[in-house]
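**Student:** Pasting in a structure now, in structure tokens, and then I'll have a few things to ask.
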Amino acid sequence: MTSTSTDSATTSPKPSLANQLKFAVRRLAKRAVMAVAIIIVSPLVILTWLEGLVPRRQLERFFGCGREMLALIPTPIGEYLRLAFYWATCSHISPDACFLFGSMVAHRGTTIGAKTVVGAFSRIGYADIGSSVLIASGVSIISGKYGHGSPEQRLAGQHSLITVETITVGDNSWIGQDAILMAHVGKNCTVAAGSVVYKDVPDGVTVMGNPARKVSLDTSHER
């Protein structure tokens, strides 16, 4: 008897039929707008696809042209156009992601999960970003620490060596305004505003500062 009552108390209520119908209609409307946006950006998408067929070269000139043009379009119209372009040209971009004004994805190899928001004027390099990630304004996700070679390589005269790394950001993490990521961030993490992440951040950790260090934020005294 106790087990039954406990189970009924912990079971989350199912959404009503009206709420389910409302959600379905809203989702259908978003997909319809997305389809229109894909048609609008299709010339840029086709040029980017053709560019990708060039053998032995990773050209991204048309891709770069598209991202810069679309980054400057305001209002939700710009959000849908950016989403449509990245969805059609990148490795995997969820149709439920969001790109605010001025945000850019630098490379087609980037992946972004559902319900992730890329804030205004944020720049995403080679990255694998999970679902439900909140990226604030002005965030930079750099493709590793040594994009133009390590200090030792530069001292050895290897100036032309380019080394890129795909930075991962786990599900449900929050990246504060103007943060810079040069290393991986785990799931359920918080990166404080203005932080510079130079070393990997484990799951469930909050970091702050330059360089970013683990901190414990006790907000009980603020209540």
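**Student:** Just to check your reading of the model, which residue among ALA88, ALA156 is at pLDDT 95 or above and either of a type in the set (Gly, Ala, Ser) or farther than 23 Å from ILE180 by Cα (or both)? Before the answer, list the steps.
**Tutor:** Numbers: ALA156 fails: at pLDDT 95 or above.
One residue alone meets the criteria, ALA88.
**Student:** Take region 108-137 and flag every residue that is touching a Leu at 6+ places or on another chain (Cβ under 6 Å) and not β-branched (Val, Ile, Thr).
**Tutor:** We begin by selecting, within region 108-137, every residue touching a Leu at 6+ places or on another chain (Cβ under 6 Å); these are 117, 119-120.
GLY119, ALA120, listed by residue number.
**Student:** Let me ask another. Could you give every pair whose Cβ atoms fall below 7 Å, whose first residue belongs to region 210-223 and is in the same structural domain as VAL197 (by TED's automatic domain parsing), and whose second residue is at pLDDT below 60 and surrounded by 11 or more Cβ atoms within 10 Å (Cβ to Cβ), counting only separations of at least 6 or pairs across chains?
**Tutor:** none
**Student:** I'd like the full set of residues that are without any contact (Cβ under 8 Å) to a residue 24 or more places away in the chain, at negative phi and in a loop (DSSP other than H, G, I, E, B), limited to region 52-72.
**Tutor:** Answer for region 52-72, where residues must be without any contact (Cβ under 8 Å) to a residue 24 or more places away in the chain, at negative phi and in a loop (DSSP other than H, G, I, E, B): LEU53, VAL54, PRO55, ARG57, GLN58, LEU59.
**Student:** Sticking with this structure for a sec: Collect the residues in region 85-118 that are part of a strand (DSSP E or B) and closer than 18 Å to CYS65 by Cα, keeping them in residue-number order.
**Tutor:** Just the residues of region 85-118 that are part of a strand (DSSP E or B), to begin with: 92-93, 98-99, 104-105, 111-112, 117-118.
Once the filter is applied, which keeps residues that are part of a strand (DSSP E or B) and closer than 18 Å to CYS65 by Cα, region 85-118 yields PHE99, MET104, VAL105.
**Student:** Suppose the filter is basic (Lys, Arg), surrounded by 13 or more Cβ atoms within 10 Å (Cβ to Cβ) and closer than 23 Å to GLY125 by Cα; does ARG61 pass it?
**Tutor:** Working: basic (Lys, Arg): yes; surrounded by 13 or more Cβ atoms within 10 Å (Cβ to Cβ): no; closer than 23 Å to GLY125 by Cα: yes.
No: the conditions fail for ARG61.
**Student:** Can you tell me which condition ARG82 does not meet? The list is (1) in contact (Cβ under 8 Å) with a residue 24 or more places away in the chain; (2) assigned by TED's automatic domain parsing to the domain that holds VAL41; (3) surrounded by 19 or more Cβ atoms within 10 Å (Cβ to Cβ); (4) of a type outside the set (S, T, N, Q), and all the others hold.
**Tutor:** All conditions pass for ARG82, except number (1).
**Student:** For region 98-108, check the following and say yes or no: at least one residue is on the phi > 0 side of the Ramachandran plot and modelled with pLDDT of 95 or more.
**Tutor:** yes
The values are calculated or read from the model by the stated rules, or taken from the named source; none is laboratory data. Keep in mind it's a predicted model, so treat the numbers as computed, not measured. When we count neighbours, we look across all protein chains shown, and the Cβ atoms used for this are built from the backbone with ideal geometry, even at glycine.
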